[in-house]
1. What dipole magnitude, in Debye to the nearest 20, does chain A give about its Cα centre under +1 on Lys/Arg Cβ and -1 on Asp/Glu Cβ?
2. Buried by at least 30 Å² relative to the chain on its own: which residues of segment A:96-110 qualify, computing accessible area with a 1.4 Å probe on protein heavy atoms?
3. Taking the alpha-carbon distance from A:LYS349 and a cut-off under 21 Å, which lysines remain once sequence neighbours fewer than 8 residues away in the same chain are dropped?
4. Counting only residues 5 or more places away or on other chains, whose amide H sits under 5 Å from the amide H of A:ALA154 once H atoms are built in the peptide plane?
5. What is the interface area between chains A and B, defined as buried accessible area summed over both chains with a 1.4 Å probe, reported in Å² to the nearest 100?
6. From Cα pairs below 8 angstrom and at least 6 apart in sequence, can you work out the relative contact order of chain A, rounded to a whole percent?
7. How much length would be gained if the chain were fully extended between A:ALA126 and A:ARG52, taking 0.36 nm per residue of separation minus their Cα-Cα distance, in nm to one decimal?
8. Which whole number gives the average, over all residues in B:132-139, of C-beta atoms from other chains lying within 10 Å of the residue C-beta?
Amino acid sequence: MTLQVALQHRFAGFDLDVAFQAPAGVTALFGRSGSGKTTVINAVAGLLRPDRGEITADGAVLLDTARRVNLPPHRRRVGYVFQDTRLFPHLTVRQNLLYGRWFAPAGPGPDCDRIVELLGIGPLLARRPGTLSGGEKQRVAIGRAILSNPRLLALDEPLAALDENRKAEILPYLERLRDEVALPILYVSHAMAEVVRLANTVVLIEAGRVTASGPTATVLSDPTNAVGLGAREAGALLTAQVVAHEADGLSRLDCAAGPLFLPRVAAPVGTRLRVRILARDVLLATARPEGLSALIVLPATIRDLRPVDGAAVLVQLDAGGETLLARVTRRSVAVLGLTPGKAVFAILKSVSVADESVVSQPLAAGSARPGNH
Amino acid sequence: MTDWLTPDEWRAVALSLRVSFWATLVSLPLGVFVAYALARWTFWGKQLLNGLVHLPLILPPVVTGYLLLVTFGRRGVVGQTLDEWFGIVLAFRWTGAALAAGVMAFPLMVRAIRLAIEAVDPKLEQAAGTLGASKPWVFVTVTLPLILPGIIAGAILAFAKAMGEFGATITFVSNIPGQTQTLPSAIYAVLQVPGGEGNAARLVWIAILIAMTALLVSEWVARAVARRISGQ
């Protein structure tokens, strides 16, 4: 299952021209507000008719302006989860969940009981949307979209309207969905934390253009994307395995780049986790440092250097096959003589776990992630 | 217990109820359709339709009655066709009174329903579409339940207006006891007789009673429905 999208649309003062492929798994459309992300999924769902375009999902042509094909929304089977949930106020939660069933094609659909359990909304079934909290509403909206037996799910910033606690409440459910429901998911977001935690594929959109797309780890650790991602957000995403919880409160995680030490991770030994290493948290040294309080020192080779803004340079490193990013000053580059091919040591000040859920299996075929051996 | 009203007076009350009931029931689907068109569609002649719907509200009722007479009378353009093709005669019949009452009440009904439709968030209808519902199904499963309080309010308002309609009715179908004499026409007829105020009072009380009952029932139903669909 692949979603293929090619769109051109002209608004007053804004040009959208995007083309990308979304393989199975979660594909994040990432970009600033106003970059055109929502327009893209509205076009996929049929809520907006672009000037020109071609959209195919699962082999079915949803839109082909050249051949005058334009399926109406109700025949596209794109399960849309709106930012503002849009639950039907006159129906109970149960009736909301089953709404799409009336119109779904005959044949086996998703198992209602399982989805209800997966989303933890069993106790809410008899209630009405007006009595639910924001997080509960969003879970019901997700369940409603899945139970309409769609070809793919489209989520438009489903967490943007929620506070941090509610976000933390929903994210694990989204992870479970990604891992257990075999549906491709298009996920619009401008929050990097959600992308690193959920996405297998990232499509970076800036001012109506796709500036990068590919497996999440690859896109995030490519210094050319640093500006689009926001310079503060530039960094590497790798998969590591918990190998030990040590007596002094640290957990040891192994990845291809070497051992990582983190404050006690709330996951059993053997768990595979996504960890995020921000470029601004990585120092470079030309010799193995001694007498240093930092615990994680990884040997690496410089692959590429890219000036970003003002005095900063992003250095892309190869550490045992993993890609790391370091943010250093131009002056340091000159003083240390940093050039591609040079052997250095990366000193990690901080590593964060991007994803607390268990990554027990490759998330999706075809989205090869470095470190997902 | 029926002897405190004359048989003609009883017939006037019964006729008024029948006329108002049918006027409301028959115009309701058209009212919902016109209200939806005015609230949601853009089409050529929309302002013209809007004006036409509201015309009976601002015209002198006797003018509306005259227009009905020349259109739906025996020799009227539409009246003649209805008579020849379907054997339907409206002039000087209770059905004509229902038509007059329906036309006069139509603007009030459409206004109430239109306001309800405009209050429905089109985003909900869009969401129903993405869940697989075609346009007609979206209307039946989402729009209609949400505008139900407006429809009820519009229907009751129209019923009350039809109960009170006088000018257009008397112009179009006259004031024939037992046939086209509605409650207001009967009150008018009684008042034409010197010293008839006492007799009129009984009919006036009945008119007030029916109007108040209609209002209270509509309030009660609308509140119950609003509670149901507010999502609480």
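The values are calculated or read from the model by the stated rules, or taken from the named source; none is laboratory data. Here the structure is a predicted model, which means the values were calculated and not measured. Heads up, the Cβs are rebuilt from the backbone with ideal geometry, glycines too, and the neighbour counts pull from every protein chain shown. Side chains are part of the model used for accessible areas, which takes the heavy atoms of the whole protein and leaves out ligands, DNA and RNA. Shrake-Rupley method; radii C 1.70, N 1.55, O 1.52, S 1.80 Å.
1. On the way: 42 positive and 34 negative charges, 143 e Å.
So the dipole magnitude of chain A works out to roughly 680 debye.
2. Listed in order, they are A:TYR99, A:PHE103.
3. Within the straight-line cut-off, A:LYS349 pairs with nothing.
4. It is A:GLY79, A:TYR80, A:VAL81, A:LEU186, by chain and number.
5. Rounded to the nearest hundred, the buried surface is 2000 Å².
6. Normalised by residue count, the contact order of chain A is 17 percent.
7. Stretched out fully, the A:ALA126 to A:ARG52 stretch lengthens by 22.2 nm.
8. Details: counts 17, 7, 5, 3, 0, 3, 2, 0.
Average neighbour count from other chains, rounded to a whole number: 5.
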